[in-house]
Each structure stands twice: as C-alpha cells, then as structure tokens.
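Heads up: the structure comes next, in structure tokens.
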Amino acid sequence: MTRGSLTTFSIANDVAKYFAIIPAAFAMTYPELGALNIMHLATPNSAILSAVIFNALIIVVLIPLAIKGVKYRALGAGPLLRRNLLVYGLGGIIVPFPGIKIIDMILSAAGWA
C-alpha cells in the first residue's frame with residue numbers, strides 16, 4: 001500500500017512540476033508556451049532550479065512515510081483507490097505549486113537565479 005501511495009503522489013507531483021519546467025525550457029523558442037507559466041515564475045533559470053530544489057526537498061519529506069508505511073485499512077480495491085487518489089494524487093498536484101513558487105521567490109530575492 002505504501003508503494004502505491006508514494007507512486008500516486010510521485011506521478012501527480014511530476015505532472016505539477018511540468019508546469020514549471022516546460023514553459024521555462026521552451027520559453028525562448030516557443031513564446032506561446034508562456035501561457036503555461038501559471039505560477040508566474042521569475043525566469044526560466046529560477047523555474048528549473050526551483051523545481052529541482054523542490055524535488056530534492058519533497059524526497060526528504062517523504063522518507064519517514066516510506067519507512068513508517070501507510071496505515072492499512074480494510075477497504076475494497078475501489079474505495080482504497082479513491083482514497084489514495086484523493087489524498088496522494090490530489091496532494092501531489094496541489095503541493096508543488098506553492099512549494100515551487102516560494103522557492104522561486106526566495107531564489108529571485110536572493111539574486112541566485
């Protein structure tokens with residue numbers, strides 16, 4: 001159950017991080033992709049650096065969950081999948097947006113990107 005929960009979070013987390021990386025990576029070549037910069041990140045460099053730093057931090061945060069494990073619940077496959085998608089899937093999509101934005105603001109304020 002732990003592996004499935006962490007995988008769900010990781011995949012959802014990656015989808016959200018693409019909203020930081022893809023517009024930044026192709027901003028010069030395809031200016032139209034600037035519309036995907038929904039987080040309004042400062043620069044392409046800070047967007048990519050923020051996503052990488054966020055990824056490193058989220059791995060450290062998830063280590064205790066991976067060691068401890070997800071609590072077993074005697075549910076059927078359907079309810080268990082719905083719960084995992086709601087908690088870990090939705091959490092994996094929502095958490096990166098403010099996390100990456102905060103890191104981007106710190107990097108920009110410090111003049112590092």
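The magnitude of the dipole of the chain, with charges of +1 and -1 set on the Cβ of Lys/Arg and Asp/Glu and taken from the Cα centre, is near 660 debye. Summed over the residues of the chain and divided among them, the accessible surface reaches 63 Å² per residue at a probe radius of 1.4 Å. Length available on full extension from Val15 to Ile106: 0.36 nm per residue minus the Cα-Cα distance, which gives 30.5 nm.
Per-peptide packing, taken as the mean over residues of other Cβ atoms within 10 Å, places 53-60, 25-32 in the sequence 53-60, 25-32 from highest down. Towards the positive end of the charge dipole of the chain, with charges on Cβ (+1 Lys, Arg; -1 Asp, Glu), say which of Gly78, Ser5, Ala51 has the farthest Cα. Positive-end residue among those listed: Gly78. Centre-to-centre separation between the Cα atoms of region 40-113 and those of region 16-32: 19 Å. Normalised by residue number, the volume inside the convex hull of the Cα atoms of the chain is 96 Å³ per residue.
Which whole-number percent gives the relative contact order of region 1-82, counting Cα pairs below 8 Å spaced six or more residues apart? Over region 1-82, the number comes to 35 percent. When all protein chains stay in place and ligands, DNA and RNA are ignored, the 1.4 Å accessible-area order of Lys71, Lys101, largest first, is Lys71, Lys101.
Radius of gyration (Cα atoms) of region 23-71, expressed as a multiple of 2.2 N^0.38 Å: 1.60. Listed by number, the DSSP H helices of the chain that run 24 Å or longer by alpha-carbon position along their axis and have mean Kyte hydropathy of at least 1.0 are 44-68. The listed residues Asp14, Asp104, once ranked by accessible area (1.4 Å probe) with the largest placed first, stand as Asp14, Asp104.
The values are calculated or read from the model by the stated rules, or taken from the named source; none is laboratory data. Fair warning: this is a prediction, and the values are worked out from it, not measured in the lab. Don't worry about glycine lacking a Cβ; one is built from the backbone with ideal geometry, like all the others, and counts go over all protein chains shown. In case anyone asks, the SASA skips ligands and DNA or RNA and just uses the protein heavy atoms, side chains included. Shrake-Rupley method; radii C 1.70, N 1.55, O 1.52, S 1.80 Å.
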